Amino acid sequence: MSTVTTAIDIKKIRSQFPILDQEVNGKPLIYFDNAASSQTAKSVVDALVNFYEKDHANIHRGIHTLAERSTKAFEETRERVHQFINSAEADEIIFTKGTTESINLVAQAWGSKFLKSGDEILISHLEHHSNIVPWQLAAERTGAIIKVIPINEKGEILIEEYKKLLSTKTKLVAVNYISNSLGTINPVKEIIAEAIKVNATTLIDAAQAAPHIKIDVQELNCDFLALSSHKMYGPTGVGVLYGRREVLEATPPYQGGGEMIKDVSFSGTTFNDIPYKFEAGTPNIGGVIAFKSAMDFIDEIGHEAIQAYEHELLEYATDRLNQIPGFTPIGTAENKASVISFLIDNVHPYDLGQLLDVKGIAVRTGHHCTQPLMDFFEIDGTVRASFAVYNTKEEIDVFCESLQKIVERFS
Ligand code: PLP
């Protein structure tokens, strides 16, 4: 059996995820679908239960004790996100349903004011549909034009081609930090620095990055950044939109309703200050409060240790998988997160996914919400194994042995 060299306490980490300690189809569960959604840490579930059992009340509007308690806990998570991504202020943190809603908020609210006919929006060929379709809708509404930053066969952004696309017409550059399908870690700092030279606004889709690498929005110098709690060991239905104060203040509201107003009469409405201007209606209060525990969980291990450990898993799995006959990796970037997309000769990804499930192994198959990227590789989809900090080399051994047996059956 292989040994893990990176210093993390895997036993302690796994004890936070009782869900992993079960059999699926008579085999110990091996969960390699973390890029879709990671499992929820026990401390997060406990926080959620504690909220509903002890503190539940609507936030901001009440003066009674429970309302004060839930408001305090909700705002503490805002402070926690502010620290976690190093924003200049907590007011730059807006809670949403997830990355998808965060990007739609920008595309609709910012886009409606700042995009006009002939303006250019740059996105990359690596984007998730949620960083493509909102821009297509914004382009339809405003007459702006979408331009696509090309990639190479490894699945890496072609920086020189990107620079050629930039001009004074570029109003927005929106790219992901890490590709969910291939695991490519994009040089977002350089991408942002180039965008700033032409005064373009920048948005980083950090859905895949937040659980794996330290995010520092001030160092990145981006205008917007989006992330999802459920990919960070936190609950579903909670996301964040970071926006730089000046940009948020200049952006009109996204949705109208309670909480986002200062004063309403039938002759007009004055809007609340940021961040509340963008938080109409009752949010996912319990989810937001529990999300704080997810960030605590990540920070307790530390991004550096997480990244080093996951990289070790990535290298180990890549070496082993390369020995399996008919294995073809899709996406071989130099700088890669712990995601392996692949095909096996003569076995359809869907069949592979089902056969692995029979062995208790959860992987994702299909286009991973990146159809234009699949078109680039001229394939319909892949099998994707994505590792989290609770995965082990022993699980990778079982996964590779299972794959080997499937290949033998099909050859
Ligand atoms: N962007 C990327 C890179 C993703 O991987 C995902 C989800 O897989 C999303 C955006 C959408 O995230 P959500 O479904 O949490 O809104």
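Residues in region 98-152 that are within 12 Å of the ligand (Cβ to nearest atom) and charged (D, E, K, R): how many?
Here is the first cut: in region 98-152, the ones within 12 Å of the ligand (Cβ to nearest atom) are 98-105, 123-124, 126-134.
Among the residues that remain, those that are also charged (D, E, K, R) are: 101, 127.
Matching residues across region 98-152 total 2.
Within region 87-98, one or more residues are surrounded by fewer than 19 Cβ atoms within 10 Å (Cβ to Cβ), touching a strand residue (DSSP E or B) at 6+ places or on another chain (Cβ under 9 Å) and modelled with pLDDT of 95 or more. Checked across region 334-348, the condition of being open to solvent by less than 20 Å² (accessible area, probe 1.4 Å), modelled with pLDDT under 95 and not charged (D, E, K, R) holds for at least one residue.
Rundown of residues vs (1) at pLDDT below 95; (2) aliphatic (A, V, I, L, M), yes/no style:
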residue: GLN371; (1), (2): no, no
residue: ASP375; (1), (2): no, no
residue: GLU378; (1), (2): no, no
residue: THR382; (1), (2): no, no
residue: ALA385; (1), (2): no, yes
residue: ASN391; (1), (2): no, no
residue: GLU395; (1), (2): no, no
residue: CYS400; (1), (2): no, no
residue: PHE410; (1), (2): yes, no
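Here is a check on your reading of the model: is ILE340 touching a Ser or Thr at 6+ places or on another chain (Cβ under 8 Å), closer than 23 Å to GLU394 by Cβ and of a type in the set (A, V, I, L, M)? Spelling it out, ILE340 is indeed touching a Ser or Thr at 6+ places or on another chain (Cβ under 8 Å), closer than 23 Å to GLU394 by Cβ and of a type in the set (A, V, I, L, M).
In this entry, LYS171 is excluded by the filter for residues that are charged (D, E, K, R), more than 11 Å from the ligand (Cβ to nearest atom) and either without any contact (Cβ under 8 Å) to a residue 12 or more places away in the chain or part of a helix (DSSP H, G or I) (or both).
Of note, SER70 satisfies the criterion of being open to solvent by less than 70 Å² (accessible area, probe 1.4 Å) and part of a helix (DSSP H, G or I).
Criterion applied to TYR254, TYR242 was being in contact with a strand residue (DSSP E or B) (Cβ under 7 Å, 6 or more places away or on another chain), within 16 Å of the ligand (Cβ to nearest atom), closer than 20 Å to GLU101 by Cβ and among the aromatic types (Phe, Trp, Tyr), and the one residue passing it is TYR242.
Of the residues making up region 264-283, those that are under 16 Å from ASP91 (Cβ atoms) and either open to solvent by 30 Å² or more (accessible area, probe 1.4 Å) or not charged (D, E, K, R) (or both) are PHE271, ASN272, ASP273, ILE274, PRO275, TYR276, PHE278, PRO283. Is it fair to say THR65 is of a type in the set (S, T, N, Q) and either open to solvent by less than 50 Å² (accessible area, probe 1.4 Å) or in contact with a Cys (Cβ under 7 Å, 6 or more places away or on another chain) (or both)? Judged against the criteria, THR65 is not a match.
The values are calculated or read from the model by the stated rules, or taken from the named source; none is laboratory data. Just so you know, these numbers come straight off a predicted model, no measurement behind them. Positions of Cβ are generated from backbone atoms using ideal geometry, with glycine treated the same way; all protein chains shown enter the neighbour counts. Areas reflect the complete protein model, heavy atoms only, side chains present, ligands, DNA and RNA absent. Shrake-Rupley method; radii C 1.70, N 1.55, O 1.52, S 1.80 Å.
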